[in-house]
1. Could you list, in sequence order, the residues of the stretch 7-38 that are more than 10 Å from the ligand (Cβ to nearest atom) and either within 19 Å of the chain's Cα centre (by Cα) or assigned to a strand (DSSP E or B) (or both)?
2. Taking the stretch 186-208 only, how many residues are without any contact (Cβ under 8 Å) to a residue 40 or more places away in the chain and either within 16 Å of the chain's Cα centre (by Cα) or within 18 Å of P287 (Cα to Cα) (or both)?
3. Working only within the stretch 39-75, note down all residues that are aliphatic (A, V, I, L, M), closer than 22 Å to A12 by Cβ and in a loop (DSSP other than H, G, I, E, B).
4. Mind listing whichever residues of the stretch 268-278 are in a loop (DSSP other than H, G, I, E, B) and more than 13 Å from V5 (Cα to Cα)?
5. Take G223 and decide whether it is small (G, A, S), within 16 Å of the ligand (Cβ to nearest atom) and more than 30 Å from Q171 (Cα to Cα).
6. Mind checking which pairs have a first residue in the stretch 47-76 that is within 23 Å of Q209 (Cα to Cα) and more than 8 Å from the ligand (Cβ to nearest atom) and a second that is among the β-branched types (V, I, T) and in a helix (DSSP H, G or I), Cβ under 9 Å, 6 or more apart or different chains?
7. So in the stretch 114-163, with the set limited to residues that are touching a residue at least 24 places away in the same chain (Cβ under 8 Å) and small (G, A, S), which one is farthest from the ligand (Cβ to nearest atom)?
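The values are calculated or read from the model by the stated rules, or taken from the named source; none is laboratory data. These numbers were taken from a predicted model, which means no experiment stands behind them. Glycine gets a Cβ as well: all are built from the backbone with ideal geometry, and neighbour counts include every protein chain shown.
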Amino acid sequence: MVAEVLAALRPAPGGRYVDGTIGGAGHAAAILAASSPTGWLWGCDRDGAAIEAARSRLAGFAGRFELRQANFAELAEWVPPESCDGVLLDLGISSPQLDEAGRGFSFQLDGPLDMRMDQRQAETAARWVNEAGVEELARLFWELGGERRARQLARVIARERERRRFATTRQLADLIERWAPRGGRKAHPATRVFQALRMAVNDEIGSLQQGLAKALRVLKPGGRLVVITFHSLEDRLVKEFGRARARDYSFPGTVDVPALRAPRAPELRWVNRKAIRTSAAEAAANPRSRSAQLRVLEKLGGTNDADLEQNSR
Ligand SMILES: C[S@@+](CC[C@H](N)C(=O)[O-])C[C@H]1O[C@@H](n2cnc3c(N)ncnc32)[C@H](O)[C@@H]1O
């Protein structure tokens, strides 16, 4: 979605941008090219290998960017407040992560049950699968994976791990396939479980919740926040964040009672009411992009973090 991202961010010479999910730096290179010769980019990724790949991809833009291995939830710790014209968050995992068996993200490749984006982190998918309680696993498969028979599957896993601990992706994928044979369905039965585990291992929902607030803090008034999501839970979170901060009133507690509303200046506005979807041509060329949704928000004034703590839900 490079064209859509550029149209939303409108990079220009002298502009300052953040790519919070730099990956292989495809978007970052396009932002730096479009803001030549003086545009600046702060880039981060939780994955050290992505930072290395990005550094070599961006070599031609030397002196115009700073990269860090970091979670975008910590953006405001190193990017100055109200300094940016645009922030991009392109969520999920990258093709190099998915295609490397040793990272453990794919149920189609045999590798360690790892799934950490940041390999300095201690917690792996094997820890979740071998040590989480049945209720905790069931909740995870249901809430993050939308797996309908979540509790039943959690019990099957708990029984199996008493016999032999889970160490590899294949071990888990094979068990799920034996438990729920694919039949004629296209999707592998382990798809939802692997997605749920990946999101839990990397606390993707928690990071997004914090990252949105931090992105708003580093944006200048008039700056834009562009978010690409691949999961309905993430998209809902972006929508709720935008809705709460676009309100021109606050209210006490968590229920919006009209009589208790107090006026206040909205912090942002929606640039597009509806999410932008991948074009048919891009979806055909890159099937992984099919579920992508892009949303664009524009910062209006300063941030009122204090009253939003309660009203952002
Ligand atoms: C879809 S890829 C981004 C691809 C990138 N836009 C490009 O043009 O190559 C998502 C990347 O975001 C990173 N990521 C996901 N959540 C993150 C977070 N909370 N903080 C920093 N990086 C994150 C992943 O490690 C992965 O490299």
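1. Residues of the stretch 7-38 more than 10 Å from the ligand (Cβ to nearest atom): 7-18, 32-38.
A8, L9, R16, Y17, V18, listed by residue number.
2. If we filter the stretch 186-208 for residues that are without any contact (Cβ under 8 Å) to a residue 40 or more places away in the chain, which is where we start, we get 186-187, 189, 203.
Pick out the ones that are also either within 16 Å of the chain's Cα centre (by Cα) or within 18 Å of P287 (Cα to Cα) (or both) and you get 186-187, 203.
The qualifying residues number 3.
3. Of everything in the stretch 39-75, those that are aliphatic (A, V, I, L, M), closer than 22 Å to A12 by Cβ and in a loop (DSSP other than H, G, I, E, B) turn out to be L58, A62.
4. In the first step, residues of the stretch 268-278 are kept if they are in a loop (DSSP other than H, G, I, E, B); the result is 271-275, 278.
Scanning the stretch 268-278 gives R273, K274.
5. On the way: small (G, A, S): yes; within 16 Å of the ligand (Cβ to nearest atom): no; more than 30 Å from Q171 (Cα to Cα): yes.
For G223, the condition - small (G, A, S), within 16 Å of the ligand (Cβ to nearest atom) and more than 30 Å from Q171 (Cα to Cα) - is not met.
6. Pairs found: L67/I51; R68/I51; Q69/I51; L75/V218; A76/V218.
7. Result: A158.
Results for (1) touching a strand residue (DSSP E or B) at 6+ places or on another chain (Cβ under 8 Å); (2) within 16 Å of the ligand (Cβ to nearest atom); (3) of a type outside the set (D, E), shown as yes or no for each residue.
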| position | (1), (2), (3) |
| --- | --- |
| A213 | no, yes, yes |
| I228 | yes, yes, yes |
| H231 | no, yes, yes |
| R273 | no, no, yes |
